[in-house]
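Colleague: Here you go, one structure.
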Amino acid sequence: MESPQGVQTGKKGLSAVPIIFLLASVIVISMVAAQVLNDTNQTNETATNETNITINETLNATINASINETLENETNLTANITTNLTNETTANATVNATANATAETNQTNLTNATTGGGGPNVTAQAPPAPAASLFVKSFYPKGPDYVFVCNATNFDPFAFTWFYGDGHKLINISNSDTYHVYQALGNYVVQCIATDGTITRDDTITINVTSLQRPHEPAANVTATVNQTNQTNAIVNQTANATINQTINETNQTNNETTQASFHVLLNGSNEVPPVDTNATGEANVTLNGTTLSVAGSFQNLTSELWYTNGTAAHIHKGLANETGPVSFSLEITPGEGNQSGQFNLTTKLTPEQVSELLNGTYYINIHSSNYTMGEIRGQLS
């Protein structure tokens, strides 16, 4: 009975050892595994940290490079802006200096041109003056006698040259109007040239002289026709009108013979129309006895030589004191030394109409010179 119990006891001890050994092995393996896992984790952590550090370093380097490049670009941009501003400032200063210098030069030149001072030989650009012009027109185209007037615009000429188209001319006279008598029929181109010393202008006018007979001088054929008609009428009415005509003639003769008038005429430039500034003077004694007109006078100190038309430079014109008129009578003139003084006279018959006009102050004496072809001195018969 004792043996079996011992056998059972031995079996129990044998089974406990492997279990303990197994547990120990498991514990050792677990510890090793844990150590391996721990080492692995540490290795992985180290590698990860190193990788992260490398990544961070790379990122930081890239970011720093970008920042540096951006800063460099901003620095360059700032430098370019500063350079451009400096260039613009310099350019503006240059432009302003040039403009100021040009303005100062122009002002200096304009002042020099105005005052005649020194300085650069540059012509000042003054505003353009209005264009100057000249216009010629004729007055009193009666028979061969013509009056021409030259009107200037936008300048004030002091010298006039006239070409009458028939070979006659006046050079550098001071008055803008002139008087001329043509000796032949036809068309004539009259030219006036005027100058103020700087500006010279000219103009022309064409005239047609259709008659050499003055209005106060009847044509020969008209006179002949009138005489013939009068003779015919006288013959026809001789018997019936003899007594009447004789009475009328005797009455007219008596009236004419009893008409008496005398004038002492003073000639000077202020009587001209328009007035003439001259020291020349003259005087004349004029008498009317019936229908006979007698004139005797003298003159002196003309500004130039006598101006002759139709053989004389002294005339009796028809016109009131404030107007000009045609030649009615030519005075015989005897020039003095220098052809700027002389004497004149006339004896002629007047018609009843002319007697009436004379007594009403319708005539004047006019002395013409080359400086004043329209008349230098004048005196009214009144």
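Colleague: In segment 328-335, is there at least one residue being within 24 Å of Thr178 (Cα to Cα) and within 45 Å of the chain's Cα centre (by Cα)?
Modeller: Yes, segment 328-335 contains at least one residue that is within 24 Å of Thr178 (Cα to Cα) and within 45 Å of the chain's Cα centre (by Cα).
Colleague: Okay, next question. Tell me, which residue of segment 172-210 that is among the aromatic types (Phe, Trp, Tyr) and in a strand (DSSP E or B) is farthest from Ser138 (Cα to Cα)?
Modeller: Tyr188
Colleague: Could you tell me whether Asp277 is modelled with pLDDT of 70 or more, acidic (Asp, Glu) and assigned by TED's automatic domain parsing to the domain that holds Asn187? Give the steps one after another, and end with the answer.
Modeller: Details: modelled with pLDDT of 70 or more: yes; acidic (Asp, Glu): yes; assigned by TED's automatic domain parsing to the domain that holds Asn187: no.
When the stated conditions are applied, Asp277 does not pass them.
Colleague: Moving to a separate point now. From (1) on the phi > 0 side of the Ramachandran plot; (2) modelled with pLDDT of 95 or more, pick out the condition that doesn't hold for Gly311.
Modeller: (2)
Colleague: Just name the residue that is surrounded by the fewest Cβ atoms within 10 Å (Cβ to Cβ) out of those in segment 160-171 that are assigned to a loop (DSSP other than H, G, I, E, B) and either small (Gly, Ala, Ser) or within 33 Å of the chain's Cα centre (by Cα) (or both).
Modeller: Gly167
Colleague: Within the bounds of segment 300-313, is there any residue that is farther than 27 Å from Tyr182 by Cα and of a type in the set (S, T, N, Q)? Can you show your working first?
Modeller: To start, the set of residues in segment 300-313 that are farther than 27 Å from Tyr182 by Cα comprises 300-301.
When the remaining residues are screened for being of a type in the set (S, T, N, Q), the result is 300-301.
Yes, that holds for at least one residue.
Colleague: Suppose we filter segment 286-299 for residues that are of a type in the set (S, T, N, Q) and within 16 Å of Leu331 (Cβ to Cβ); how many remain?
Modeller: Counting residues in segment 286-299 that are of a type in the set (S, T, N, Q) and within 16 Å of Leu331 (Cβ to Cβ) gives 4.
The values are calculated or read from the model by the stated rules, or taken from the named source; none is laboratory data. This one's a predicted model, so the numbers in the text were calculated from it and none came from an experiment. No Cβ is skipped: glycine too gets one built from the backbone with ideal geometry, and neighbour counts run over all protein chains shown.
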